[in-house]
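In what follows, a single structure is set out as structure tokens and then discussed.
Quick note: the coordinates plus some simple rules give every number you see, no bench work behind them. The structure displayed is predicted, hence computed values, not measured ones. Note that each Cβ is placed from the backbone with ideal geometry, even for glycine, and that neighbours are counted across all protein chains shown.
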Amino acid sequence: MTEAAPTCVVAEDEALLRADLVAKLRHAWPALRIVAECEDGASALEAIAAHRPDVAFLDIRMPGLTGLEVAAAATAESPHTQVVFVTAYDQYAIDAFERGAIDYLLKPIAPQRLEATVQRLQSRAGGGDQATAIAALLARVGTALPRAESAPPPLTWLTASAGREMRLILVDEVAYFRADNKYTTVVTADGEALLRTPIKDLLGMLDGNLFKQIHRSTIVNLKAIAGIARDDAGRGVVRLKNRPETLIVSAPFMALFRHM
């Protein structure tokens, strides 16, 4: 019987860097089958939950969920997936990972360093889950990542349309954002308005400590949550403080609320 090819998920928000990593992986590990290429943390988490790959290469800084958050949440859905973090922060990477059991790669990725990582992954294949190692890593560094010097501060207010009226909305007053084709619906206690920004672009503009993606199409303000329960399908159901509707948390995202 032919042994199944190892599988991999690659998550990197910059298209050129993602293509470069995929190309280098195919050269360094020809047998590896890349089952998903993701541009943000939410799609990476969903891909890991769906495919349960042998390996996941996760950019630390991605829109919405960080690579650290994806790895921590994914341990519940795919505990045997080996994680390799990709980062541009030399000192951060050294401090966070050098003494741990989690592999990391620095950008730009050197072929020789990638080959060494591949050899370690192959030697550890099937060697157990990484949940303990990831938990230890999170205990050391938390989820506070250094902001890129060129990154703007999080949004504090936004302009959205409600019919013919343009509304100025404080971001703190938003209960949640919902994807609406190429646009985003902004929901507050007072009603809804339309923002001409796709939800995936909005993710990188919000305060990641306050706003969390709970579904591919939904970002919720943690301050607006009254409670969370789990339904029979394993999905979360979010009750809001100042809105009558409930929000669905897709199953892979429930792990994000374990410590809340």
Counting only DSSP beta bridges fully inside the chain, the antiparallel percentage to nearest 5 is 65
Plugging the Cβ-Cβ distance of residue 210 and residue 230 into 1/(1 + (r/R0)^6) at R0 = 22 Å yields, to the nearest 0.05, a FRET efficiency of 0.45
Fewest-first ordering of 166, 254 by Cβ atoms within 10 Å yields 166, 254
So, relative contact order of the chain in percent, Cα under 8 Å, 6 or more apart, is 15
Read-out volume of the Cα convex hull per residue in Å³, candidates (i) 123; (ii) 112; (iii) 143; calculated match is (iii)
CD proxy, 222 nm, the chain: helix-only mean residue ellipticity via -39,500 (n - 2.57) per DSSP H run with n ≥ 4, per residue, nearest 500, stands at -8500 deg cm²/dmol
Listing 33, 164, 196 by rising number of other beta-carbon atoms within 10 angstrom, fewest first, gives 164, 196, 33
Taking Cα atoms, the helix 41-51 axis meets the longest principal axis of the chain at an angle in degrees (rounded to 10) of 60
The helix 67-77 Cα axis meets the longest alpha-carbon principal axis of the chain at an angle in degrees, between 0 and 90 and rounded to 10, of 80
Length gained if residue 119 through residue 196 is fully extended, taking 0.36 nm per residue and subtracting the Cα-Cα distance, is 23.1 nm
The answer for residue 7, listing residues at least 5 apart or on another chain whose modeled amide H is closer than 5 Å to its amide H, is 33, 54, 55
Place a point 7 Å from the Cα of residue 4 in the direction of its beta carbon; the residues of the stretch 15-37 whose amide N falls under 19 Å from it are 30-37
If 117, 159 are placed from fewest to most neighbouring beta carbons inside 10 Å, the sequence is 159, 117
Length-normalised contact order of the stretch 7-141, Cα under 8 Å, at least 6 apart, in percent, tallies to 23
Restricting to lysines and to Cα separations under 24 Å from residue 241, and discarding same-chain partners fewer than 8 apart, the set is 212, 223
Among GluC sites (Glu not before Pro) in the stretch 7-53, those in a DSSP loop whose Cβ has at most 15 other Cβ atoms within 10 Å are 14
To the nearest 0.05, the calculated FRET efficiency linking residue 131 and residue 242 through their beta-carbon distance, R0 being 22 Å, is 0.05
